[in-house]
Structures are given as C-alpha cells and as structure tokens.
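See below for the structure under consideration.
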Amino acid sequence: MWASAGAAGLGILITLEVVARHYGQPGPVTSQVREVIFAPKPGPLYGGLALTMVVLTWRQRFIAAGAAVGIDIVFVLARWAVGARPADGHFFGNGALWVMLACGVIAVTRRTGGERVLLLKGVGLGLLLVTGRKTGDAWLLITSKARPAVLDQYVAVVDHALGNPSWLVGRLLRATDPIGTHLLGVVYAQLAVAAIVVALYQLRDVAVERRFPRHHLVRTFLVIGLLGPGIYMLFPMVGPVFAYGPGASGTGGVQWAVANLWPDTPPPLHTPHPMPYDGITPRNCMPSLHTAWATAIFIHSRKGPRVLRYAGTFWLVATLTATLGFGYHYGADLVAGVVFALTIEAALRSFDRGWDRQGVRLVVHGTTVFAALLVSYRYLPMELARHPAVYGPLLILAMASVVSGYVRTTRLWEPKAVPTRQPEPQPEPV
C-alpha cells in the first residue's frame, strides 16, 4: 500500500510539474528542489520537521532541532555575506528541509526492519506536508489557466436563499477593523499551525509505542487537500471579493468583476451566466477547503484536553467568519465544505475499522448530499433564490443531516466502557 501510494504521489508530482511548465511556471518538484539551497517561500517547513520528530526520542529531537537551526544560521550568514536578500524577506526553513532529508538517508542506510519503516513514515509525513503546499500552489495556477470562465454568479444567486452571509459578515468585520481584521487574518493564514498542534497531540506517543495510531488528523488533512482541488475544475469560482468587489488587495479585480458591490450592496437577483475572469486568480472557491480543514481540526480536537477542545472550537468559528468576512467564499461554499469534510472523515474511519452497514450508509449519504448541493447550485440557482424561506432552511438541513448522521454513527463506533463489577458483601464469620 505504501509503495502504491508513493508511486501515485510521484506520478501526480511529475504530471503537475509538466503542466505547470507548460504554462511557463516552475512546478512543485522544481520549487521543492530549489529550496534545498535557495531561500524558501513562507511555508510549513518547520511544521513538517515537527511531524517527522514524533518518531524520534527526546535526545534525537534536540539534536534534529539544533541541527536545523544551525544550518539555517549558516545559510542566513552566507546570504548576508554575498548580499543575497530574499524577495519576500523569508530567511529560514532550509535547515528543516535538510534535516528531514537527512533522516530519510539515515533510515535507508542505518536502520533496519520496523525502525526503518517507522522513521521513513515520519519523514514521509513531514515531507507530505511540505510537498502538499507546493502541489497546491501549482494546482491553483493550473486552475486559473485551464478555467477561464467562472460560475460565481450561480452561487451568488444561491446565497440569496441563505441571506447573503458574505455581504453581512463582510460589513460586520469591516466595523471591527483593525483588531478583528488582524485577528481573523492570522487565524485564516495559520490554519496549518493549528492542524500541526492537534496532530502533534494525537501523535505524542508514537516515539514510545513505536507505531502510529490507526487514524489521525494528518490523514484527513491530506485527503481533503488531494480530493478537494479536483472540484475546483468542475465548479470554478473566485469568490465574492473578486467577482463582486475590488479584489483581495483592494486594487485588482475590478475590471473583471460583475460590479464593485461587495460588501455594501448584495448583488441583484438575475439569471446567472458563466463569466470570464483573469488568468491569475485561483479558482479555489468551491468547496471551501478552509472550512473543510477547520471542520477536521474541530473533530480531531474533541478527544483532547479542555484547552485543545476550546482552541479547536475557536479555530472553526474564526475560520468560518474569516472566509465570509474577507470575501473569499460564499455561504453555499461553507455548507459544501462541511459536508465534504465529514464525508471524507467518515470514509477514512470506516476504512480503518472495516466497512460496515453504518459506515457505508454514512459515506453514501454524505456523497449524495454533496453531489446534490453542487447540482442544485449549478442548475437550480434561481429556484433556490426565489423561495428563500423554503430552500434556505433546506440547504442547512441537508448539511445538518450529514452532521447528525456522523455524530450518531461515530458514537456507535466508540468502545463501550464496561462497568467494574463490585464484589458482593460477604457475611462476617461469627
């Protein structure tokens, strides 16, 4: 299974590299190899190293972290000496990548049997996080080139049934500027950090038990990131701040927008049409993967300590607010994102424990609801918008049915605590 997954992953990387170069941009392989020497772009390099270190002992962790920091210091001094200043001002990260690669070499040359497999799994986990970011960047470029027309008008019409939440939250967030904007901006940008914190808690005993748990957050995160972008090609959208506003920077996007309406004026209700958009902005709106990932963080934080559960709840609420308030998503995207995340989580858990009737029913239900949402968004937007009192609650109920089904089914899967049998009192000898 691991060999098949590795071969499939390599094939995907090579394909994306070829396609990205066809559009005149470096692909994920080139970008990753380049960062062995050149200054890395901002990304989760040290987060990947942290995931790799879950298989190491504490002594090995200190050595690995010290080596990564030392290598980064050498690189920074060398760049300072030759006057090479990174364009984005990001200096650190090469050391973390070097240490992960070194752990892979050590696993192949100095370890055997189960220890080799465990260390390779740790290295693979860390590199998957790093490579996933590069793969995502290349894929977003491809979506902007391969899908010149976007379907934002359709989902903007559907959002009339939900009360135009992006416009409402956008105005509320602007009223809290700059405090609310800054706080939610940090939450939105650092979603991977929250995921790493939850994952490290779940994987805290790997070094002692010498095995990974059967199911953990990183698996769900990676599968969401693998399957979700495929929907971008089927349902390309750019988001309300681009399709109905000034663009994320406040300067670009107006020439491509329907009108500069977001967030002050909800769009008028009219028959939607595909509309052309630029070849730069990613078509990464449907479903909202930020919502899907935040939902996964929330689910996996439920079995942690109280502070982790509170943090998971906060990150989910703040992420939903940010996706709407910054104009990156419509309300319909969030509904689809929640259903998408729960269906993937249910499928992974069903696969781990063996497919039973409850698991199959839950996955089929979630898949059906997700497909029905996309079909209704594309082909029934005017019907949904003309009867908001009926279809707005129905959309929420469809999502709630998946949430309810997931909660009910996973509770049945939880091991039942067997009460301790109390010894019966015995009569005292006379």
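The values are calculated or read from the model by the stated rules, or taken from the named source; none is laboratory data. Everything numeric here is computed off the predicted structure, so don't read it as measured data. When we count neighbours, we look across all protein chains shown, and the Cβ atoms used for this are built from the backbone with ideal geometry, even at glycine. Side chains included, ligands, DNA and RNA excluded: accessible areas come from the protein's heavy atoms. Shrake-Rupley method; radii C 1.70, N 1.55, O 1.52, S 1.80 Å.
Remarks
- Lysine-lysine proximity count for the chain, Cα under 25 Å, sequence distance 8 or more or distinct chains: 7
- Of the DSSP H helices in the chain, those whose Cα atoms cover at least 27 Å axially and whose Kyte score averages -0.5 or more: 2-22, 58-82, 113-146, 306-325, 331-353, 357-379, 388-413
- For the chain, diffusion coefficient by Stokes-Einstein and Kirkwood Rh (Cα), 25 °C, 0.890 mPa s, µm²/s: 104 µm²/s
- Lys, Arg +1 and Asp, Glu -1 on Cβ, resulting dipole of the range 49-207 about Cα centre, debye, nearest 20: 480 debye
- When each of the peptides 353-365, 322-334 is scored by the mean number of other C-beta atoms lying within 10 Å of its residues, the order from highest to lowest reads 322-334, 353-365.
- Mean projected area of the Cα convex hull of the range 68-209, taken over all directions, amounts to 14.9 nm².
- Among 222-235, 265-278, the order from most to least packed when residues are scored by Cβ within 10 Å on average: 222-235, 265-278
- Rg over Rh for the range 170-242 works out to 1.14, both radii taken from alpha-carbon positions and Rh defined as the Kirkwood radius.
- Normalised convex hull volume, the range 12-62, alpha-carbon set, Å³ per residue: 103 Å³
- Residues whose amide H comes within less than 5 Å of that of Val150, counting only those at least five positions distant or on another chain, are Met275, Tyr277 (H built at 1.01 Å from N in the peptide plane).
- Between Leu168 and Arg411, the FRET efficiency from the beta-carbon distance, with R0 = 30 Å, is close to 0.30.
- At a probe radius of 1.4 angstrom, the accessible area of the range 107-170 per residue rounds to 39 square angstrom.
- Estimated dipole of the chain in Debye, rounded to 20 [Cβ of Lys and Arg +1, of Asp and Glu -1, Cα centre]: 1000 debye
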